[in-house]
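The structure appears below as structure tokens.
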Amino acid sequence: MAEIVLDKVTKRYPDGARAVSEMNIEIADGEFIILVGPSGCGKSTALNMIAGLEDISGGELRIDGERANEKSPKDRDIAMVFQSYALYPHMSVRENMAFPLRLAKVDGATVDEKVEEAARILDLTQHLDRRPANLSGGQRQRVAMGRAIVRSPKAFLMDEPLSNLDAKLRGQMRTSVSKLQKQLGTTTVYVTHDQTEAMTLGDRVVVLRGGHVQQIGSPQFLYDQPANLFVAGFIGSPSMNFVPAALEDGSLKSPLGTVPLTDRVRSLVEAAGGPREVIAGIRPEHFEDVSLVDDKHRESGATFRSTVDVLESMGAEKYAYFSLEEQAAVNEELAELAADAGSADVPGSGSTIVTRLDAASAAAEGGALEVWFDPDRLQLFDPKSGRNLTFDG
Amino acid sequence: MAMQPATAGRKARWALLDIVVVVYALVPVLWIASLSLKTKDTVADGNFVPREWTLQNYRDIFATTEFIRPLFNSIGIALIATFIAVVLGMMAAYAIARLDFPGKKLLVGVSLLIAMFPQISLVTPLFNIERELGLFDTWPGLILPYITFALPLAIYTLSSFFREIPWELEKAAKMDGATPAQAFRRVIAPLAAPGVFTTAILVFILCWNDFLFAISLTSTEASRTVPAALSFFTGTSQFDDPTGTISAAAVVITIPIILFVLFFQRRIVAGLTSGAVKG
């Protein structure tokens, strides 16, 4: 077990492109940290640099306080789980898991004992003599985990280990990865592009964009207090709604109507000193069907009325989609997020508002609906820099 | 591609086609085998099945050093050339498949060029060079050009095999604590084995079957290989027709090739890499 410190770590390619720029992360002993971001954000490069599979072009990597930049992967005592699992096809499950121990010249009896133990933890005991080719995806994934835990390394690195599993199995494996990490208490760095995994697994989450760290914090903190538009749009599913808005006389003028700012929001915006033209963000779950809100709340909140475009009933809740005629909020970071999600290619002018309503809502497709929201939940962003003007961290 | 249902008509058509191909390919071979089993008197009778069977031709060729010595040369030269070509080819192919280095395209281009080079145009220069260097009519004198012309083949076949081995397996081995040499020996080499066998067989056949260099760069039994030696076969007297013995020798040198292919066929086909990654 060890703490891992990335001190201004940079990856520059010979052509001058930077995959990772001055990344500063301090990972405490036993911590489960997630690197998350869209494809090409440098998260895998960062992981490979910690592993030693890629050279570090600048800055310093310290493992347990010792500079590790020049150490070869085998001297770092770190185990890695690959996206493709990278099991050795010519070895049995037992030999796959024993491989790191055999390389470390551990004696035969100890190897057997440790492999048996890891197999028991991962429920692989009856598969030990099979070849990887004869295993299911979930079993292969567990063998890959077994190969990592069997030699009790200082840290685990996981590169999207669940992305090749189907949705249901992924959910189960997510829980077992989390349990396993708690049980072993080993420092873990986990790379994913899936914000659900990021939210549910990690002690802390590092959001990356274009090789730069956007924000580091606990999942709840990132959700409540995103530092900028990018984090706000990336964390949360369905993602936060963004509309262009203007600050006028202590009110916010937006396609959702003119809403008076609450004292908390006003003081934060004033302290941040942003422009008058802003982007307002509000999460789908902060809307509610007005008929389901009690009177006391209704007065303190704001409402808007529009036609329900699409209604998705999930059973426990309903997602109502509204179209706004106004242009969607324009920002480089939002464009990048849209491109990553593939929604940039979806035709349609204007912007869409997603609201998550109680299942008891009488909303119907094509019908008008009055929707309530709490103005205190509004997050305001600077359209140019993407900075969160209501950040209270 | 989806398998289409095998109807009787389709089966019959394929069977017919297969038979045509097999007959077309095997008749000359069987003809040679038949000739080698005929007696001297019936050799020219034109019968496909010998009327009088004899093993005398085989006894004759193994009774003289005229055949034994070239056979020994052939086996030795082909094995050594194959071994060296495959070892060098493995290193080059691994580099081509895995590394980015300046001049990589040039290397691939030059090796392709060598493969396409008309060998006949090299015979005279090689003859002169080898005589000057004292390599003429020696084993190295044949092994060297064989390696040269086998290398492009080896590099091309092996690099396509290496490319098939997932890169991540090597990374995984490194993370598991292997040195680059250990990763190669314990992970990459076992997975590349089918490719190495395939390449070795192809290279061996290339060297084994060569006639041009064998006839031009040798002059005595010191290094003459079987294909060249066959052309020097004579009967017991000058006027004796050596058809029977030549056929017998041809059959004998075909056997190793057939054995190789039959013996290693499973290894060639075995997809050892399945199950390495998802899918």
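Observations, loosely collected:
- Residues that are among the charged types (D, E, K, R) and within 14 Å of chain A (Cβ to nearest Cβ), drawn from the range B:131-182: B:Glu164, B:Glu168, B:Glu170, B:Lys171, B:Lys174, B:Asp176
- Exclusive hit being part of a helix (DSSP H, G or I) and closer than 23 Å to B:Ala214 by Cβ, set B:Leu71, B:Leu113, B:Leu30, B:Leu106: B:Leu71
- The criterion of being closer than 30 Å to A:Tyr13 by Cβ, touching a Leu at 6+ places or on another chain (Cβ under 9 Å) and more than 10 Å from every other protein chain (Cβ to nearest Cβ) holds for A:Ala68.
- Scanning the range B:17-38 for residues that are over 22 Å from B:Ile257 (Cβ atoms) and either free of Cβ contacts under 8 Å to residues at least 40 places away in the same chain or loosely packed, with under 10 Cβ neighbours inside 10 Å (or both) returns B:Leu17, B:Ile19, B:Val20.
- Test: residue in the range B:77-87 that is assigned by TED's automatic domain parsing to the domain that holds B:Ser160, touching a Lys or Arg at 6+ places or on another chain (Cβ under 7 Å), surrounded by 15 or more Cβ atoms within 10 Å (Cβ to Cβ) and part of a helix (DSSP H, G or I): no
- B:Arg185 surrounded by fewer than 18 Cβ atoms within 10 Å (Cβ to Cβ), assigned to a helix (DSSP H, G or I) and within 14 Å of chain A (Cβ to nearest Cβ): yes
- Subset of the range A:52-62 [of a type in the set (A, V, I, L, M, F, W, C), touching a helix residue (DSSP H, G or I) at 6+ places or on another chain (Cβ under 6 Å) and either within 8 Å of chain B (Cβ to nearest Cβ) or not in a loop (DSSP other than H, G, I, E, B) (or both)]: A:Leu53
- Qualifying residue in the range B:162-170 (condition: under 22 Å from B:Ser111 (Cα atoms) and acidic (Asp, Glu)): yes
- Among the residues of the range A:86-135, those that are among the polar types (S, T, N, Q) and either within 14 Å of chain B (Cβ to nearest Cβ) or at positive phi (or both) comprise A:Ser92, A:Asn96, A:Asn134.
- Total residues in the range A:259-289, condition of a type outside the set (Gly, Ala, Ser) and assigned to a strand (DSSP E or B): 9
- Single residue of B:Thr273, B:Thr234, B:Thr220 found to be of a type in the set (Ser, Thr, Tyr) and modelled with pLDDT of 85 or more: B:Thr220
- Taking the criterion of being surrounded by 17 or more Cβ atoms within 10 Å (Cβ to Cβ), assigned to a loop (DSSP other than H, G, I, E, B) and not aliphatic (A, V, I, L, M), the residues of the range A:70-91 that qualify are A:Asp77, A:Phe82, A:Gln83, A:Ser84, A:Tyr85, A:Tyr88, A:Pro89, A:His90.
- Residue pairs whose Cβ atoms lie under 6 Å apart, sitting 6 or more positions apart in sequence or on different chains, and linking a residue in the range A:229-256 that is free of Cβ contacts under 8 Å to residues at least 24 places away in the same chain to a partner that is surrounded by 16 or more Cβ atoms within 10 Å (Cβ to Cβ) and outside any helix (DSSP H, G or I), are A:Gly250/A:Leu261.
- The lone exception for A:Ala232 - which of (1) touching a Ser or Thr at 6+ places or on another chain (Cβ under 9 Å); (2) more than 16 Å from A:Ala338 (Cα to Cα) it fails: (2)
Yes or no, residue by residue, for (1) over 11 Å from B:Thr245 (Cα atoms); (2) within 26 Å of the chain's Cα centre (by Cα); (3) among the β-branched types (Val, Ile, Thr):
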residue: B:Gly9; (1), (2), (3): yes, no, no
residue: B:Val21; (1), (2), (3): yes, yes, yes
residue: B:Asn47; (1), (2), (3): yes, no, no
residue: B:Asp60; (1), (2), (3): no, no, no
residue: B:Ile68; (1), (2), (3): yes, yes, yes
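- For A:Leu47, the stated conditions hold: it is under 26 Å from A:Met199 (Cα atoms) and either surrounded by fewer than 18 Cβ atoms within 10 Å (Cβ to Cβ) or not aromatic (Phe, Trp, Tyr) (or both).
- Selection status of B:Ala115, surrounded by 10 or more Cβ atoms within 10 Å (Cβ to Cβ), touching a helix residue (DSSP H, G or I) at 6+ places or on another chain (Cβ under 6 Å), assigned by TED's automatic domain parsing to the domain that holds B:Thr198 and more than 24 Å from B:Leu79 (Cα to Cα): no
The values are calculated or read from the model by the stated rules, or taken from the named source; none is laboratory data. The structure displayed is predicted, hence computed values, not measured ones. Glycine gets a Cβ as well: all are built from the backbone with ideal geometry, and neighbour counts include every protein chain shown.
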